[in-house]
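*Asks:* First the structure, which I've put down as structure tokens, then a few questions once you've had a look.
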Amino acid sequence: MNDIAFGYLLLAIGIVFALGVIYALTSHLGSAERAKPKVPRGVHLPNPSPLPVIMAVGGALLGAGLAFRGDDQPVANPWLAVPGLIVFLYGIFAWVRAAGREWDETERGPHDDDTGH
Amino acid sequence: MATTALSPQSKSYSRSWVVEWLTTVDHKKIGILYILNSFFFFFAAGILALLVRSELAVPGLQFLDEGTYNQAFTMHGTVMVFLFIVPVLSGFANYIVPLQIGAPDMAFPRINALSFWFLPLGGILLFAGYLFGGAAAEGWTLYTPLSGPTYASGVGTDLWLIGLLLVGTASILGSVNFIATIFKMRAPGMTLFRMPILVWTVLVTATLIMLATPVLAAGMIALFIDRNYGGAFFDPNTGGNPVLWQHLFWFFGHPEVYIVILPAMGVVSEILPVFTRRPLFGYRAFVFATIAIGLLSFSVWAHHMFTTGQVFLPFFSFMTALIAVPTGVKMFNWMATMWRGSITFATPMLFALGFLSMFLIGGISGVMLSAPPLDFHLQDTYFVVAHLHYVFFGGSVFGVFAATYYWFPKMTGRRLNERLGKVHFWMHFIGFNLAFFPMHELGIQGMPRRIADYSPDAGWTLWNLASTGGAFLIAASILPFLVNVVATFINGEKVGDDPWEGNTLEWATSSPPPPYNFDKLPPIRSERPVFDLRHKHDAEHGAGERGLVEGDHR
Amino acid sequence: MSAESPTMHGADEHLPISHREAGMPTPLVGMLLFIASEVMFFGGLFAAYFNARAIHAAEWGPPPGAPELEMLPIALPITIVLVASSFTMQFGVWAIRRGDQRAMRNWTMLTLALGVAFLIGQIYDYTTLGFGIGDGAFGTVFYTLTGFHGAHVFGGAVGLTILSARAAQGQFSRRNHVAVEAISMYWHFVDVVWIALFSTLYFLR
């Protein structure tokens, strides 16, 4: 069997699988979350964040840059590695900034869960 | 503000489920993502296995050439180990461990999410080789010098290395997360020796991941340097040592197989007490056996290298046989748990029993291989393929299906259909044995592994044909499973907090749990807090099976 | 107190003991475990070094045509610089434990400067060596080990920069400075690895 054909076959299977997953998720798993009560007092959970997926994409681009290095490129493929590095560094910067903001809130900010502290 | 982030009015709460799942840091959603992603790769690697088995069914190259065949078995092994079995167990652990210790989430929720997202991306890089001249094709163990720049000049092997470096990094971060969570976030009353066995196995597994995976990373980076920057780690022509790769790979690779089996053992240890209505026999022995397996796993790696002639055989042979002892202790304890129990043969229990029997066979063939006189004949034959599938598949994958049927109600609020579950189990069990038992005999008769074709005069044809039949039966068994999952999502039997009458804390909250996990925790006085709550009267008055009294556990 | 870990309470010094987080703060546990994994990573690289050295025992060293490795004028001075930076880092930790954020910031920036000096020295050293990563077993393991160590120093320098910036914004206090403790642990680890590496390359040979 031809390699490229196999690659496309897997891609097609992946798309079908992803559609199946999307169907499953939209039918039941999401709905339980929407009608949720308030978090009990004293419990602090972190906010959702796009940074994990952003940093993972950055890391993958960097890695792809290393793998797809052309013969005339000494270290990595700049078309992939440079965007990857930018995304990754942005991710670190944003992560630290978010952590600092959360520090501000827990250390100094208002608490609206009336735990008394 | 953190506490209002999850209430419907919060501005960080999104109506779009795509954004919700892409940005979640909730261990339950991340666990589900891990499980779904892993099953996708399970099916992909399964298709690769069917390709291999189809080609091998009869002598002659039917429809694959050697190069494509090599890619098929390489990617099959790689994807199964790194993108299916470890992540799916990690996914169950992610979902269940915080619940079982009474915590609101993992210690580092954002890093938890980061660890997940590396997986699909690493997998894409791995498979990208197919689109660029061929994926890696040197076996999942990628031995040098075959995997070096001279003989594997395509980008597929580089993509393998980079993809697994990403996946390995994710794994290491995840292990740090688990260890920190287990040590720092247990609910009051949950002492270490009241933790469920699953939590103990995850703790030891995470320690193994944390200590072993970096060594693989070092080796993979070294190979990448050899392949791309003129390095001389492994190429004898430039001063390198090919056997060094084997040492670095297997120093990771052996703990890796315990990383694969320990969580599955934990799952079985959760399921047996519930479906036999007995406490787990020898809780402390389980804990110490798990720790012993973890420690010993670092001392046996060279049993994969007996035939290199560069290994001190007596030491590694002895240590390998020794590691069977704590494993045997666990086996006896599981048997003792079931002895005189009132057994319910629900699907999770069937898969747990399948685990016990199949893993026993795999363990025995492993001990056989620990003897160099046997290993010298059986190394790189189908006997090893039989052994590894009995422990990986007969062990861990049975454990994964047991976990799936057991915790599906907790995760979705609906129970999978029992009838379809039993059909799935029996097709799977029969198919599995038909596929892999003949391989023992093939190996003894000398059939080497990783060959695309064999002679019609070898006498191997019948067993190969049987094995291929078994493989397709396994594939067919996925059908009732998938139908079951989809049908249950659409219209399955709804259940409450505790459909199985479980023992551990995850059954003390709703199905599925709220984002913060628990409204109220029951008192934790033993390793079975929900059992205790259900039998509050008995516990208060000191009755109970085998003298399990409140306050008995420190 | 970690900003990221979900907690049952906020910054908790004023709470009764039963409500406080006991033992080592969670982010510090995380950093310690991460350092353990990094030790194993360098262990793998050192294993490769010693394996190559055992095989080539008779002629172990830079390839023919390149000079022998010398501690002076670069390797020993940058070692002293890095060891000194561990001291300055610890002074910074002690400062913030006393609540002196300004002193902590100054010590941190000094540590950063020393770390950068180490990196510059290391890179300059590379230009004087006369062999590259592709020049045989010794060249490969030498550059791999020192290169990855340098990359870790760079990572630490990024961490120190972040610490300095956050300190400038007044984000650390006597009871809330776990990031400083964590980065300092990482920095000491990087220093210890260098001491092992330096001893292996320049003393053991």
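*Asks:* Regarding C:Tyr186, is this residue over 20 Å from B:Ala222 (Cα atoms), within 14 Å of the chain's Cα centre (by Cα) and touching a residue at least 24 places away in the same chain (Cβ under 8 Å)? Walk me through how you get there before you give the answer.
*Replies:* Values: over 20 Å from B:Ala222 (Cα atoms): yes; within 14 Å of the chain's Cα centre (by Cα): yes; touching a residue at least 24 places away in the same chain (Cβ under 8 Å): yes.
In short, yes.
*Asks:* Looking at region B:15-38, which of the residues that are part of a loop (DSSP other than H, G, I, E, B) and facing another protein chain (nearest Cβ under 7 Å) is nearest to B:Ser175 (Cα to Cα)?
*Replies:* Taking region B:15-38 as the starting set, the residues that turn out to be part of a loop (DSSP other than H, G, I, E, B) are B:15-16, B:23-26.
Within this subset, residues satisfying the condition of being facing another protein chain (nearest Cβ under 7 Å) are B:23-25.
Numbers: B:Thr23: 21, B:Thr24: 19, B:Val25: 16 Å.
Step by step, filter region B:15-38, then rank; the result is B:Val25.
*Asks:* If the requirement is being part of a helix (DSSP H, G or I) and either at the interface with chain B (Cβ under 10 Å from one of its Cβ atoms) or modelled with pLDDT under 75 (or both), which of these qualifies: A:Ala5, A:Ala76, A:Ala94? Spell out how you get there, then give the answer.
*Replies:* Working: A:Ala76 fails: part of a helix (DSSP H, G or I); A:Ala94 fails: either at the interface with chain B (Cβ under 10 Å from one of its Cβ atoms) or modelled with pLDDT under 75 (or both).
Only one candidate passes the filter, namely A:Ala5.
*Asks:* Within region B:99-121, does at least one residue satisfy the condition of being closer than 26 Å to A:Ala98 by Cβ and more than 13 Å from every other protein chain (Cβ to nearest Cβ)? First the steps, then the outcome.
*Replies:* Going through region B:99-121, the residues closer than 26 Å to A:Ala98 by Cβ turn out to be B:103-121.
From what's left, more than 13 Å from every other protein chain (Cβ to nearest Cβ): none.
No: zero hits.
*Asks:* May I ask you to say which residue of C:Met40, C:Met89 is crowded, with 16+ Cβ neighbours inside 10 Å, more than 9 Å from chain B (Cβ to nearest Cβ) and of a type in the set (A, V, I, L, M)?
*Replies:* C:Met89
*Asks:* Considering only region C:173-182, I want to know if a residue exists there that is touching a residue at least 24 places away in the same chain (Cβ under 8 Å), farther than 21 Å from C:Ala113 by Cβ and either hydroxyl-bearing (Ser, Thr, Tyr) or in contact with a Lys or Arg (Cβ under 6 Å, 6 or more places away or on another chain) (or both).
*Replies:* yes
*Asks:* Which residue, of C:Ala66, C:Ala52, C:Ala84, is surrounded by 14 or more Cβ atoms within 10 Å (Cβ to Cβ) and assigned to a loop (DSSP other than H, G, I, E, B)? Full working, then the answer.
*Replies:* Details: C:Ala52 fails: assigned to a loop (DSSP other than H, G, I, E, B); C:Ala84 fails: assigned to a loop (DSSP other than H, G, I, E, B).
So the residue among C:Ala66, C:Ala52, C:Ala84 that is surrounded by 14 or more Cβ atoms within 10 Å (Cβ to Cβ) and assigned to a loop (DSSP other than H, G, I, E, B) is C:Ala66.
*Asks:* Among the residues of region B:123-132, which ones are more than 7 Å from chain A (Cβ to nearest Cβ) and either touching a Ser or Thr at 6+ places or on another chain (Cβ under 9 Å) or over 15 Å from B:Leu161 (Cβ atoms) (or both)?
*Replies:* Of region B:123-132, the ones more than 7 Å from chain A (Cβ to nearest Cβ) are B:123-124, B:126, B:128-129, B:132.
B:Leu126, B:Gly129 - these are the residues of region B:123-132 that are more than 7 Å from chain A (Cβ to nearest Cβ) and either touching a Ser or Thr at 6+ places or on another chain (Cβ under 9 Å) or over 15 Å from B:Leu161 (Cβ atoms) (or both).
*Asks:* Based on this model, can you work out whether B:Phe531 counts as within 30 Å of B:Arg278 (Cβ to Cβ), within 14 Å of chain A (Cβ to nearest Cβ) and either surrounded by 15 or more Cβ atoms within 10 Å (Cβ to Cβ) or modelled with pLDDT of 95 or more (or both)? Explain how you work it out, then say what you get.
*Replies:* Values: within 30 Å of B:Arg278 (Cβ to Cβ): yes; within 14 Å of chain A (Cβ to nearest Cβ): no; either surrounded by 15 or more Cβ atoms within 10 Å (Cβ to Cβ) or modelled with pLDDT of 95 or more (or both): yes.
No.
*Asks:* Whether any residue in region B:426-445 is surrounded by fewer than 22 Cβ atoms within 10 Å (Cβ to Cβ) and outside any helix (DSSP H, G or I) is what I want to check.
*Replies:* Yes, because at least one residue in region B:426-445 is surrounded by fewer than 22 Cβ atoms within 10 Å (Cβ to Cβ) and outside any helix (DSSP H, G or I).
*Asks:* When region B:97-109 is examined, which residues are found to be assigned to a helix (DSSP H, G or I) and touching a helix residue (DSSP H, G or I) at 6+ places or on another chain (Cβ under 6 Å)? So that I can check it myself, show each step before the final result.
*Replies:* Step one: of region B:97-109, the residues assigned to a helix (DSSP H, G or I) are B:97-100, B:109.
The answer is B:Val97, B:Pro98, B:Leu99, B:Gln100.
*Asks:* Also, I was wondering about something else. Of the conditions (1) more than 14 Å from chain A (Cβ to nearest Cβ); (2) touching an Asp or Glu at 6+ places or on another chain (Cβ under 6 Å); (3) charged (D, E, K, R), B:Arg415 fails just one. Which one is it?
*Replies:* Checking B:Arg415 against (1) more than 14 Å from chain A (Cβ to nearest Cβ); (2) touching an Asp or Glu at 6+ places or on another chain (Cβ under 6 Å); (3) charged (D, E, K, R), the one that fails is (1).
*Asks:* Next question. Of these, B:Pro373, B:Pro348, B:Pro255, B:Pro273, which one is farther than 28 Å from B:Ser90 by Cβ and in a helix (DSSP H, G or I)?
*Replies:* Numbers: B:Pro348 fails: farther than 28 Å from B:Ser90 by Cβ; B:Pro255 fails: farther than 28 Å from B:Ser90 by Cβ; B:Pro273 fails: farther than 28 Å from B:Ser90 by Cβ.
When all the criteria are applied, what remains is B:Pro373.
*Asks:* Related question: Do the conditions hold for B:Arg278, that is, is it away from every other protein chain (no Cβ under 13 Å), over 20 Å from B:Phe393 (Cα atoms) and either among the basic types (Lys, Arg) or assigned to a loop (DSSP other than H, G, I, E, B) (or both)? Break it down stepwise before answering.
*Replies:* Details: away from every other protein chain (no Cβ under 13 Å): yes; over 20 Å from B:Phe393 (Cα atoms): yes; either among the basic types (Lys, Arg) or assigned to a loop (DSSP other than H, G, I, E, B) (or both): yes.
Considered against the rule, which asks whether it is away from every other protein chain (no Cβ under 13 Å), over 20 Å from B:Phe393 (Cα atoms) and either among the basic types (Lys, Arg) or assigned to a loop (DSSP other than H, G, I, E, B) (or both), B:Arg278 comes out as yes.
*Asks:* Also: Here are some conditions: (1) more than 7 Å from chain B (Cβ to nearest Cβ); (2) at pLDDT 90 or above; (3) in a loop (DSSP other than H, G, I, E, B). A:Gly70 meets all but one. Which one does it not meet?
*Replies:* Failing condition for A:Gly70: (2).
*Asks:* Enumerate the pairs (first residue in region B:371-392 and farther than 19 Å from B:Ser357 by Cβ; second residue anywhere and assigned to a strand (DSSP E or B)) with beta-carbon separation below 8 Å, excluding pairs fewer than 6 apart on the same chain, so at least 6 apart or on different chains.
*Replies:* B:Asp380/B:Pro448; B:Thr381/B:Pro448; B:Tyr382/B:Pro448
*Asks:* Being among the aromatic types (Phe, Trp, Tyr) and farther than 19 Å from B:Leu36 by Cβ is the filter; apply it to region B:470-525 and report the residue that is surrounded by the most Cβ atoms within 10 Å (Cβ to Cβ). Give the derivation first.
*Replies:* At the first step, the residues of region B:470-525 found to be among the aromatic types (Phe, Trp, Tyr) are B:472, B:481, B:489, B:500, B:507, B:516, B:518.
After this cut, where a residue has to be farther than 19 Å from B:Leu36 by Cβ as well, the list is B:472, B:500, B:507, B:516, B:518.
Working: B:Phe472: 16, B:Trp500: 20, B:Trp507: 25, B:Tyr516: 21, B:Phe518: 21.
By that ranking, first place goes to B:Trp507.
*Asks:* In region C:127-151, which residue that is within 13 Å of C:Gly65 (Cα to Cα) and in contact (Cβ under 8 Å) with a residue 60 or more places away in the chain is nearest to the other protein chains (Cβ to nearest Cβ)?
*Replies:* Going through the qualifying residues, I end up with C:Gly136.
*Asks:* While we're looking at this one, here's another question. Out of the residues in region B:135-167 meeting the condition of being touching a residue at least 60 places away in the same chain (Cβ under 8 Å) and surrounded by fewer than 21 Cβ atoms within 10 Å (Cβ to Cβ), tell me which one is nearest to the other protein chains (Cβ to nearest Cβ).
*Replies:* Result: B:Pro149.
*Asks:* Sticking with this structure for a sec: Identify the residue in region B:53-88 that is among the β-branched types (Val, Ile, Thr) and within 12 Å of chain A (Cβ to nearest Cβ) and, among all such residues, is farthest from the chain's Cα centre (by Cα). Talk me through it step by step, then tell me what you get.
*Replies:* First pass over region B:53-88, keeping only residues among the β-branched types (Val, Ile, Thr): B:58, B:68, B:74, B:78-79, B:81, B:85-86, B:88.
The next check asks that each one be within 12 Å of chain A (Cβ to nearest Cβ); those that pass are B:68, B:79.
On the way: B:Thr68: 27, B:Val79: 12 Å.
Going through the qualifying residues, I end up with B:Thr68.
The values are calculated or read from the model by the stated rules, or taken from the named source; none is laboratory data. Bear in mind the structure is a predicted one, so any value in this text is a computation, not a measurement. Heads up, the Cβs are rebuilt from the backbone with ideal geometry, glycines too, and the neighbour counts pull from every protein chain shown.
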